[in-house]
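J.: Okay, handing you the structure first.
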Amino acid sequence: MKLDELIVDFKKKKYGFFESSSVQICEWNKQAIRGKGNCYKQDFYGADTLSCHQITPVTFWCNNSCIFCWRPNEYMGSKPSMTVSPEKMIPALIEERKKLLIGFYGSVKKSIVDSALEQKHWAISLSGEPTLYKKLSELITLLKKRKGTETVFLVSNGQNPKKLLELWKKDSLPTQLYISMVSPVEKNYKKITFNVEKNGWKNYLRSLALIKLLPTRTVIRLTLIKNINDSDELLEKFAELLEVVQSDFVEIKSYMWIGMSRERLKKENMPEHDLIKNFSKKLLEKMPSYKFENEKIESRIVLLKNRNSKYKTKIINRK
């Protein structure tokens, strides 16, 4: 599909666009506006759900095509065809998000929607792989400098270690850096991610090696897919790898059978929370550096914390 056709298709899925960058309102954001709960990132870390801006500078580009991704990654390329200006992108996406939320003024208190339009939390994670964006360091720097910004989270597949080094060198690391994990071994990693890079596994290991060096909060997000990467054999290897990586936090999260992933996987591949909890307990038996920290049953996620982390779990304490 051509870029303009992709944008039309994604707009139908309620994305707001500025050129090839985009913003979307997640279900937890909507629930927070309705007063019916918060995202686990607020429960775990204190990142504001109500005003969360979930954005991406590279909506249609990723060097993985993960089988569990809810996005239509079959459309995606691995090399961005354009670079959006971060100075123009930020205000434009704020306005696009406002358009997506404007209807709430008719159903909830004005003060709540006004608060939702603030920009306390930025999640660079919506679609595509953000480290493919050439001006990522400039984008994060501008976001962190904005009045009202409290937290900036960046989620990466770990395929671009040079970009992570650049963020460090330019003092533009996010408040919290996530690296996704789906397998501790190369063969299974390739089967799940369909990575297109020639040295994809090596790139990934280089990014993991940076985790304990980078001067920012780090999280490994381990997505568990039932009957795909939850075997006892892989659990042993996950534990070994995580003990070497030494991230501040590890999130063990269920694959969710939503979006385009329903065409690649079956509903039975989605673990119940009990499986996530049991897998986490088994991991902890083999990971002396970590302890159980929290869980959110509705999101099917468990949080582990490194006993040696210098960071408080909650960046901001909220009511």
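Just so you know, all these numbers are worked out from the coordinates, no wet-lab data involved. This is a predicted model, so every value here is computed, not measured. Cβ sites come from the backbone with ideal geometry, for glycine too, and all protein chains shown count toward neighbours.
J.: Sort TYR189, TYR311, TYR204 by Cβ crowding within 10 Å, fewest neighbours at the top.
T.: Numbers: TYR189 19, TYR311 15, TYR204 25.
By the 10 Å Cβ count, ascending: TYR311, TYR189, TYR204.
J.: Got a sec? How would GLU19, GLU240 order by Cβ neighbour count within 10 Å, fewest to most? Could the numbers behind the result be given before it?
T.: Details: GLU19 16, GLU240 13.
Starting with the residue having the fewest Cβ neighbours, the order is GLU240, GLU19.
J.: Also: 7 Å from Cα along Cα→Cβ at both THR216 and ILE258: what's the point-to-point distance in nm?
T.: Result for the modelled spin labels: 2.5 nm.
J.: Just to be sure I understand: of the beta bridges DSSP finds with both ends in the chain, what percent are antiparallel, rounded to 5?
T.: Details: 18 of 42 bridges.
If we restrict to bridges inside the chain, about 45 percent are antiparallel.
J.: For the charge dipole of segment 3-306, defined by +1 on Lys and Arg C-beta atoms and -1 on Asp and Glu C-beta atoms about the Cα centroid, which residue among ILE192, LEU205, THR175 has the Cα displaced farthest towards the positive pole?
T.: THR175
J.: Can you compute the charge dipole magnitude of the chain about its Cα centre, using +1 on each Lys and Arg Cβ and -1 on each Asp and Glu Cβ, nothing else charged? Give it in debye, rounded to the nearest 20. Could the numbers behind the result be given before it?
T.: Working: 58 positive and 36 negative charges, 124 e Å.
Result for the chain is approximately 600 debye, rounded to the nearest 20.
J.: Just to confirm the number: angle between the C-alpha axis of helix 232-245 and the first principal axis of the chain, 0 to 90 degrees, nearest 10?
T.: Taking the Cα atoms of the chain, the angle to 232-245 is about 70 degrees.
J.: In degrees between 0 and 90, to the nearest 10, how far off the longest principal axis of the chain does helix 86-101 point, with axes built from Cα atoms?
T.: On a 0 to 90 degree scale, this one is about 80.
J.: Given the DSSP H assignment, sum -39500 (n - 2.57) over each helix run of at least 4 residues in the chain and divide by its residue total; what's the result at 222 nm in deg cm²/dmol, nearest 500?
T.: Values: 11 runs with 111 residues, N = 319.
Helices in the chain give a 222 nm mean residue ellipticity of -10000 deg cm²/dmol.
J.: Sticking with this one: Which peptide among 269-275, 248-254, 2-8, 156-162 comes first, and what is the full order, when sorted by highest mean count of other Cβ atoms within 10 Å?
T.: Details: 269-275: 16.7, 248-254: 23.3, 2-8: 12.4, 156-162: 21.4.
So the peptides 269-275, 248-254, 2-8, 156-162, ranked by packing, come out 248-254, 156-162, 269-275, 2-8.
J.: Okay, next question. Report P(r) for the chain: all Cα-Cα distances, bin width 20 Å, range 0 to the bin holding the largest distance, values in whole percent.
T.: Percent of Cα pairs in each bin: 32, 62, 5.
J.: Nearest 10 degrees, 0 to 90: what angle lies between the long axis of helix 273-285 and the longest principal axis of the chain (Cα atoms)?
T.: The answer is roughly 50 degrees.
J.: Another question about this same structure. Just how far, in whole angstrom, is segment 253-319 from segment 139-173 if you go by their alpha carbon centroids?
T.: One Cα centre to the other: 24 Å.
J.: Name all residues of segment 240-258 having a backbone nitrogen under 19 Å from the label point set 7 Å from the Cα of TRP70 along its Cα→Cβ direction, giving them as ranges.
T.: Residues passing the 19 Å test: 251-258.
J.: Given R₀ = 25 Å, what would the calculated FRET efficiency be for ASN317 paired with LYS110, taking r from the Cβ atoms and rounding to 0.05? If you can, show how the numbers build up before the last one.
T.: Details: r = 27 Å, r/R0 = 1.06.
FRET efficiency, ASN317 to LYS110: 0.40.
J.: Zone of GLN31 (label point 7 Å along Cα→Cβ, backbone N under 18 Å): which residues in segment 280-301?
T.: It comes to 294-301, nothing else.
J.: How high is the relative contact order of segment 3-306? Use alpha-carbon pairs under 8 Å, at least six apart in sequence, and give a whole percent. Let's see the in-between values first.
T.: Details: 558 pairs, mean separation 49.3, N = 304.
Once divided by the residue count of segment 3-306, the mean separation gives 16 percent.
J.: Mind checking which lysines have their Cα closer than 19 Å to the Cα of LYS135? Skip sequence neighbours fewer than 8 apart in that chain.
T.: Within the straight-line cut-off, LYS135 pairs with LYS79, LYS88, LYS144, LYS145, LYS162, LYS163, LYS169, LYS170.
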